[in-house]
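Trainee: Sharing a structure below in structure tokens format, with a few things to ask.
Read the figures in this text as sums done on the coordinates, not as results from a lab. These figures come from a predicted structure and were not determined experimentally. Quick reminder, even Gly has a Cβ in these numbers, built from the backbone with ideal geometry, and neighbours come from all protein chains shown.
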Amino acid sequence: MPRRKKWGRVSRMLGLEGADAKVSGMFYVDVVQQILLYGSETWTVSPRVLSALESLHHRVARRLAGKMPRRLPDGSWECPSLEKALEEAGLFSISEYVSRRQRTVAQHIALLWLIYDVAVEEGRQRGTSTSMRWWEQPIDFAGALAELEEGED
């Protein structure tokens, strides 16, 4: 079943059960954003991409909070505050969610480098097997180049 249908069923169920905007917002963050922001840890978020993400995020926040823009009888539009809609739905800006994901990956990489540095400083413990790292292995560049040249003939 496509994810859009699944989210549609969940959102209808939440509406029928009378869930408030914050509960629906939690489902949105846990279900939809996981798919929407998949891989965003490695994205270069251009203004165009951020604008598209913000547009969807703002529409969802307004819908969850029941703060959709309305056309008045005189033809003008009433646009409730976006900040209030985000607050009622318990949501932050989409750039905050992207930044959090990117920070999490950056922290993980930094931690791995710290662990690596400690392991290298400590050295090998007695009784453990020695294993060569890929960057420590002898590489025969001259032989590899000769093989390439032979293959071209």
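Trainee: Gaussian network model of the chain, Cα springs within a sub-10 Å range: biggest mean-square fluctuation belongs to which of Y38, Y116, Y28?
Mentor: The residue that fluctuates most here is Y116.
Trainee: In deg cm²/dmol, rounded to 500, what helix-only [θ] at 222 nm does the chain give when every DSSP H run of at least 4 residues adds -39500 (n - 2.57) and the total is split over its residues? Numbers along the way, then the final one.
Mentor: Numbers: 7 runs with 94 residues, N = 153.
That comes out to -19500 deg cm²/dmol.
Trainee: Which residue, A52, A106, A85, has the most motion in a Gaussian network model of the chain that connects Cα atoms within less than 10 Å?
Mentor: A52
Trainee: A further question follows. Students often check this: by mean Cβ neighbours within 10 Å, which of 92-105, 118-131, 56-69 ranks highest, and how do the rest follow? The partial results should precede the final answer.
Mentor: Values: 92-105: 15.0, 118-131: 7.3, 56-69: 17.9.
Those peptides, ordered most packed to least, come out 56-69, 92-105, 118-131.
Trainee: Quick one: what do you get for region 3-124 if you divide its Cα Rg by 2.2 N^0.38 Å? Each step should come with its number before you reach the end.
Mentor: Values: Rg = 19.6 Å, N = 122, 2.2 N^0.38 = 13.7 Å.
Its radius of gyration relative to the 2.2 N^0.38 Å reference: 1.44.
Trainee: If you don't mind, there's one more thing I want to ask. Can you give the angle from 0 to 90° between the axis of helix 3-17 and the longest principal axis of the chain, with both taken from C-alpha atoms, to the nearest 10?
Mentor: Rounded to the nearest ten degrees, it is 40.
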